[in-house]
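This report concerns only the one structure given below.
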Amino acid sequence: MTAAASPPEVLRAPLVVEFPFTRSLGPVQSAFLSGLRDRVVLGVTTSAGTVMVPPVEYDPVTAEELRELVEVAPTGTVTTWAWNGSPRPHQPLGTPFAWVLVRLDGADTAILHALDAPGPEAVTTGMRVRIRWAAERVGAITDIACFEPADDRTDPTDPTDPTGSADPAAAPVPHSGTFADPVTGIVAEARLDYTYSPGRAQTAYINALAERRTVGERCPSCHKVYVPPRGACPTCGVATTDQVEVGPAGTVTTFCIVNIKAKNLDIEVPYVYAHIALDGADLALHGRIGGIPYDQVRMGLRVEPVWTDGGRHPDHYRPTGEPDADYDAYKELI
Amino acid sequence: MPTTSRYARDVAVVAFAQSDHLRRTDELSEVEMVMPVLHEVLAATGLKAGEIGFTCSGSSDYLAGRAFSFTMTLDGVGAWPPISESHVEMDGAWALYEAWVKIQTGEADTALVYAYGKSSPGSVRDVLTRQLDPYYLAPLWPDSVALAALQARALIDAGQTDEAALAAVGARSRAAARHNPHAQLRGSVAQGDYQVAPLRTGDCPPVGDGAAAVILAAGDSARRLCERPAWITGIDHRIEAHGLGLRDLTDSPSTRLAAERAGFFDAPVDTAELHAPFSSQEVVLRKALGLGDEVTVNPSGGALAANPMMAAGLIRIGEAAARIHRGASDRAVAHATSGPCLQQNLVAVLEGDRA
């Protein structure tokens with residue numbers, strides 16, 4: 001039973017990917033983030049005397065290990081900026097703001113963060129800013145809620161400004177990096193939202209399943225029928241376009257017994273998961289075997305799909321009652 | 001044949017193909033998108049899938065939103081019986097580098113390199129924030145346009161460009177793309193509103209889906225497969241410190257160093273295909289490479305005309321090679337980038353046999 005593939009009727013579904021990575025901090029990052037929690041900004045000094053804020057653990061030039069911590073000021077100078085008129089989800093401020101790189105007083109490198117300002121006309125490179133601390137601080141870069149314009153008009157790093165160069169805040173102060181109850185890890189939360197489309201071949205497969213039919217696709221070169229179809233023959237590397245209805249019954253080619261219950265899975269263990277070669281298919285798909293004690297499932301067992309009301313795919317496969325298939329009938333499909 | 005060779009083996013790009021780059025390709029799975037370009041380069045060389053010595057691809061799971069997404073596209077290669085294969089979670093230009101190394105080792109004479117990306121299922125500006133340092137940057141979700149805008153402002157403050165000059169880069173790129181049937185944006189495109197100031201819509205790359213493929217071959221194989229092979233006479237890639245505040249954003253020392261090591265400065269080039277997704281990044285790259293007005297930059301339209309993530313860098317190498325194949329260039333430079341604000345840079349020098 002062969003028919004030309006119908007024109008694509010594209011399926012779409014929301015796909016949410018969330019990943020809360022738990023990350024441990026080394027001694028330098030632990031000190032820096034513990035410091036932010038306690039409203040102290042730490043940098044690290046290189047052997048060349050450069051003070052890097054935020055601090056890194058290894059010198060990006062020499063790869064030398066860096067551990068010498070210093071405290072710098074919560075005030076600084078904007079080194080470059082960009083006006084973000086339409087903040088995106090998760091960004092530090094919900095109202096229009098400037099992204100800024102800020103060289104804190106006492107530091108030689110700049111930190112990236114947000115600057116709360118009324119509009120782009122209020123922001124310039126070289127402007128003075130200071131940290132606005134988050135009300136609740138946990139030991140994360142977001143303990144800095146944002147930067148805000150500072151009312152001091154001097155730039156301590158400007159050697160032509162005698163007031164500025166005399167500013168004691170410009171001198172970094174050695175710091176032990178020791179804090180009570182130090183932060184040793186962070187949880188890096190992320191959520192990304194997608195709209196997933198499975199493409200032509202898999203759309204046809206899923207649509208047919210909704211009608212309780214299983215369709216594969218035949219390779220025009222080697223004539224094998226792939227189920228589920230992905231649109232290409234992995235042997236010949238060409239598009240598979242001819243749809244072929246297979247099954248509904250099939251043969252267990254191999255199986256395993258699952259003894260560990262998966263999270264959120266409402267199936268009692270032990271149960272059997274099997275490779276099933278549907279009649280007419282040249283590739284086995286996999287599914288759960290039910291309706292038979294787990295220790296009686298065998299290679300060659302003839303099975304058929306069991307659909308549940310409203311299900312978009314077979315819930316499981318059960319024995320048909322036919323005699324077992326000969327090994328020779330399925331040995332190429334194992 | 002290269003006049004001078006710095007490597008054990010002479011390796012050339014002998015075929016290049018790319019898809020039409022489109023805003024969305026919902027009707028195609030990734031393998032369905034990749035297969036036509038694979039068939040095109042195989043047909044151009046007459047090679048069969050099983051005759052390829054090594055296969056390497058570039059793509060990103062974060063674009064697809066699924067783990068090991070590249071394994072799906074292997075069906076389009078003809079991966080059975082088993083083939084020698086690898087993958088980089090980067091732009092395909094780095095897959096080409098790996099394939100080039102494989103040929104240098106003598107373990108393969110030919111290689112198929114392909115790359116693809118579908119940005120349409122997600123929000124690529126947000127997706128790319130996940131490649132940033134997870135401690136100090138990623139929690140702030142600074143998107144790719146915002147980071148490029150910081151770089152653009154630094155260039156403007158340094159007096160190296162202005163908004164009008166940036167707009168001219170975008171306009172020139174899209175005008176050049178009129179002759180590129182694969183490009184996503186062609187001809188006149190409005191400069192538009194600020195996305196993240198000082199960058200406007202016209203300074204930013206289009207978001208889209210696309211794929212590309214290249215075949216590499218060594219020595220006599222290259223001569224047999226291609227009338228005028230594009231010999232890779234130099235290739236190198238370099239990286240800069242991850243922290244943006246540690247870098248001079250107005251310069252790209254990693255590009256310059258890679259170019260030096262690739263022999264770029266040994267002789268003039270006539271063509272440059274630069275992977276500069278933002279207009280301001282072309283300013284940085286021209287300076288790093290010391291390109292003058294005598295060099296044709298991005299005759300394809302570049303990434304401002306089509307920027308399929310993970311394929312756009314490989315396409316720069318392919319476009320440069322294609323110009324050599326058809327005799328429009330004798331010595332070209334191709335550049336690929338990855339990461340925020342030109343963090344990682346690959347430079348390849350391509351040369352055709354002189355008549």
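Mind checking which residues of the range A:173-194 are out of contact with any Ser or Thr (no Cβ under 7 Å at 6 or more places or on another chain), open to solvent by less than 50 Å² (accessible area, probe 1.4 Å) and either among the polar types (S, T, N, Q) or not in a strand (DSSP E or B) (or both)?
Correct list: A:His175, A:Gly177, A:Ala190.
I'd like to know if the range A:63-70 contains one or more residues that are modelled with pLDDT under 95 and over 26 Å from B:Thr201 (Cβ atoms).
Within the range A:63-70, one or more residues are modelled with pLDDT under 95 and over 26 Å from B:Thr201 (Cβ atoms).
Matching residues to (1) under 21 Å from A:Ile276 (Cα atoms); (2) open to solvent by less than 20 Å² (accessible area, probe 1.4 Å); (3) more than 10 Å from every other protein chain (Cβ to nearest Cβ); (4) of a type in the set (Gly, Ala, Ser):
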residue	(1), (2), (3), (4)
A:Ala170	no, no, yes, yes
A:Tyr196	no, no, no, no
A:Tyr205	yes, no, yes, no
A:Pro220	no, no, yes, no
A:Val225	yes, yes, yes, no
A:Val252	yes, yes, yes, no
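Report the residue count in the range A:237-277 for those that are in a loop (DSSP other than H, G, I, E, B) and in contact (Cβ under 8 Å) with a residue 24 or more places away in the chain.
Adding up the residues that qualify gives 6.
Quick one: which residue in A:Val123, A:Val44 is more than 29 Å from the chain's Cα centre (by Cα) and within 10 Å of another protein chain (Cβ to nearest Cβ)?
Going through A:Val123, A:Val44 in turn, the sole match is A:Val123.
Given (1) in contact (Cβ under 8 Å) with a residue 24 or more places away in the chain; (2) within 14 Å of another protein chain (Cβ to nearest Cβ); (3) touching a Ser or Thr at 6+ places or on another chain (Cβ under 6 Å); (4) assigned to a helix (DSSP H, G or I), identify the lone condition not met by B:Pro139.
Looking at each condition in turn, B:Pro139 falls short on (1).
Scan the range B:1-21 for residues that are modelled with pLDDT of 95 or more and in contact with a strand residue (DSSP E or B) (Cβ under 7 Å, 6 or more places away or on another chain) and jot them down.
Listed by number, the residues that qualify are B:Arg9, B:Asp10, B:Val11, B:Ala12, B:Val13, B:Val14, B:Ala15, B:Phe16, B:Ala17, B:Gln18, B:Ser19, B:His21.
For the range B:311-354, how many residues meet the condition of being under 22 Å from B:Ala44 (Cβ atoms) and either open to solvent by 10 Å² or more (accessible area, probe 1.4 Å) or not in a strand (DSSP E or B) (or both)?
Within the range B:311-354, residues that are under 22 Å from B:Ala44 (Cβ atoms) and either open to solvent by 10 Å² or more (accessible area, probe 1.4 Å) or not in a strand (DSSP E or B) (or both) number 23.
So which pairs qualify, if the first residue must be in the range A:24-35 and within 10 Å of chain B (Cβ to nearest Cβ), the second must be surrounded by 23 or more Cβ atoms within 10 Å (Cβ to Cβ) and assigned to a helix (DSSP H, G or I), the Cβ gap must be under 7 Å, and the two must be at least 6 apart or on different chains?
A:Leu25/A:Leu33
Which one is farthest from B:Gly65 (Cα to Cα), of the residues in the range B:96-136 that are free of Cβ contacts under 8 Å to residues at least 12 places away in the same chain and at the interface with another protein chain (Cβ under 8 Å from one of its Cβ atoms)?
Here the answer is B:Tyr135.
What tally of residues in the range A:61-80 results from selecting those that are facing chain B (nearest Cβ under 10 Å) and in contact with a helix residue (DSSP H, G or I) (Cβ under 6 Å, 6 or more places away or on another chain)?
The total comes to 1.
Only residues that are in contact (Cβ under 8 Å) with a residue 24 or more places away in the chain, away from chain A (no Cβ under 13 Å) and either surrounded by fewer than 24 Cβ atoms within 10 Å (Cβ to Cβ) or in contact with a Phe, Trp or Tyr (Cβ under 6 Å, 6 or more places away or on another chain) (or both): list them for the range B:239-259, please.
B:Asp251, B:Arg256
The values are calculated or read from the model by the stated rules, or taken from the named source; none is laboratory data. Just so it is clear, the model here is predicted, and its values are computed rather than measured. So basically every Cβ, Gly included, is an ideal-geometry build from the backbone, and we count neighbours across all protein chains shown. For accessibility, only protein heavy atoms count, side chains too; no ligands or nucleic acids. Shrake-Rupley method; radii C 1.70, N 1.55, O 1.52, S 1.80 Å.
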